[in-house]
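Remarks on the structure that follows.
The values are calculated or read from the model by the stated rules, or taken from the named source; none is laboratory data. Remember, predicted model here, so these are calculated numbers, not experimental data. Reconstructed Cβ throughout: ideal geometry from the backbone, glycine too, with neighbour counts over all protein chains shown.
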Amino acid sequence: MRGGIRLFRVLGITVSIDYTWFIVFFLFAWSLAYGYFPQKVPDMSGTSYLVMGGVASLFLFICVLIHEIAHSYTANRLGLDVKEITLFIFGGVAQLTKEPDTPGKEFKIAIAGPLASGVLAALFYLLRLVVDEVYPGGTMQGLSAVVGFLATINIVLIVFNMIPGFPLDGGRVMRAIWWAKTGSIKDATRAASVVGKGFATLLIVFGFLQIISGLFIQGLWAVLIGVFLQQAAEGSYRQLIMKMTLEGMKVADIMTRNVVTVPAHIPISTVVERFFFNYHFVSFPVLKNGRLVGLLTLNDVRKVDKERWHTTLVEEAMERISPHRVLHPEDSVLHALMKMIEDGVGRYPVVDRRGNLVGILSRRDIMKTMEFKAELAEKEK
Ligand SMILES: [Zn+2]
């Protein structure tokens with residue numbers, strides 16, 4: 001997950017903004033104030049152009065936000081719960097906790113954004129007509145130009161988002177149609193992601209050609225967008241495969257059961273000799289009076305000076321276990337993996353309802369299981 005700044009809540013959805021947005025905002029305002037508007041409506045003051053650029057960029061931001069809220073609101077109405085939207089350079093990403101379970105839902109959620117942008121484009125177009133009608137002869141040409149720009153940019157947003165590459169809206173629409181036809185969300189996602197990557201590659205090549213022919217900034221933009229799309233297409237496909245592979249699996253199904261534990265009251269030097277050297281594990285759960293109290297990792301040992309290994313006890317060097325930092329046998333593996341990624345932790349001890357240690361689950365265990373399942377699936381074909 002990338003970092004962002006929380007802005008506000010609307011319709012039960014928290015809206016965050018990615019840091020990249022500030023760069024885009026200023027780049028946009030700048031190129032509008034010094035390039036676009038002076039060309040569209042000449043002979044205005046520099047300050048006017050700056051104000052126009054700022055206002056137009058701000059409203060562009062609001063338009064992108066409305067587009068994203070349309071997706072999320074539709075998703076929420078259809079029973080998927082979206083709690084957060086993060087606005088990135090090229091739009092936004094709604095954090096779907098669940099994938100849509102029918103092609104119909106997928107289609108509706110995907111199309112809601114471009115539809116909202118279409119309504120906005122129409123509104124700004126009408127507004128421009130009104131402005132030109134009420135203030136004839138170009139007396140409000142600045143306002144007219146800003147409103148006209150917003151009508152155009154919403155059309156651009158639709159065109160860009162309807163590119164048929166997953167995870168863009170167009171790719172999602174394509175995935176929904178393919179999914180409805182074949183009945184397989186996996187095949188549909190693969191196809192949509194391949195098209196997405198293909199398009200991204202074209203964009204990158206196009207960008208390099210532009211750079212070679214002297215259009216450096218435009219070319220750079222095309223390359224950047226291409227790279228972003230390529231990663232998104234690849235990432236979302238892998239994420240889906242992961243979700244599908246791990247669906248329905250419980251922690252108890254794949255955890256390591258025979259856990260080697262260390263007592264809390266022995267010195268680190270003893271643990272190094274008797275445990276780390278003998279078992280080659282990178283961490284050991286620590287027990288005190290039969291109960292799990294912490295986790296001693298190789299990293300914890302490294303933090304203690306070697307001369308103090310004889311005098312430092314395990315319980316002084318270990319990480320204490322907070323109730324949050326354990327898994328239960330009945331937890332889903334997917335949930336466990338999300339938790340590990342979120343907390344930046346490689347492994348969690350598994351405890352039963354009474355607090356007894358029953359196993360340990362690491363990210364590696366989960367990856368191994370996924371590889372194993374993938375290999376079995378290959379053989380079945
Ligand atoms: Zn969209």
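Do you know which residues across region 292-315 are within 26 Å of residue 358 (Cβ to Cβ) and not in a strand (DSSP E or B)? Residues satisfying the conditions are 298, 299, 300, 301, 314, 315. The number of residues in region 166-176 being more than 10 Å from the ligand (Cβ to nearest atom), surrounded by fewer than 24 Cβ atoms within 10 Å (Cβ to Cβ) and under 19 Å from the mean Cα position of the chain (by Cα) comes to 0. Selection of region 319-334 for residues being surrounded by 13 or more Cβ atoms within 10 Å (Cβ to Cβ) and out of contact with any helix residue (DSSP H, G or I) (no Cβ under 6 Å at 6 or more places or on another chain) yields 319, 321, 325, 326, 328, 332. Of the residues making up region 103-124, those that are surrounded by fewer than 17 Cβ atoms within 10 Å (Cβ to Cβ) and either more than 14 Å from the ligand (Cβ to nearest atom) or on the phi > 0 side of the Ramachandran plot (or both) are 104, 122, 123.
Reported count of residues in region 10-23, each being touching a strand residue (DSSP E or B) at 6+ places or on another chain (Cβ under 9 Å), touching a residue at least 60 places away in the same chain (Cβ under 8 Å) and assigned to a loop (DSSP other than H, G, I, E, B), is 1.
Condition check ((1) outside the structural domain of residue 84 (by TED's automatic domain parsing); (2) closer than 23 Å to residue 75 by Cα; (3) surrounded by 13 or more Cβ atoms within 10 Å (Cβ to Cβ)) across all residues:
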site: 9; (1), (2), (3): no, yes, no
site: 14; (1), (2), (3): no, yes, yes
site: 18; (1), (2), (3): no, yes, yes
site: 22; (1), (2), (3): no, no, no
site: 26; (1), (2), (3): no, no, yes
site: 34; (1), (2), (3): no, no, yes
site: 44; (1), (2), (3): no, no, yes
site: 47; (1), (2), (3): no, no, no
site: 51; (1), (2), (3): no, no, yes
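The rows are residues; the columns are (1) outside any helix (DSSP H, G or I); (2) modelled with pLDDT of 80 or more; (3) small (Gly, Ala, Ser); (4) over 19 Å from residue 152 (Cα atoms).
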position	(1), (2), (3), (4)
2	yes, no, no, yes
8	yes, yes, no, yes
25	no, yes, no, no
43	yes, yes, no, yes
55	no, yes, no, no
58	no, yes, no, no
73	no, yes, no, yes
98	yes, no, no, yes
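Quick one: would you say residue 155 is within 16 Å of the ligand (Cβ to nearest atom) and modelled with pLDDT of 90 or more? Write out each step before concluding.
Numbers: within 16 Å of the ligand (Cβ to nearest atom): yes; modelled with pLDDT of 90 or more: yes.
Taking the combined requirement at face value, the residue satisfies it.
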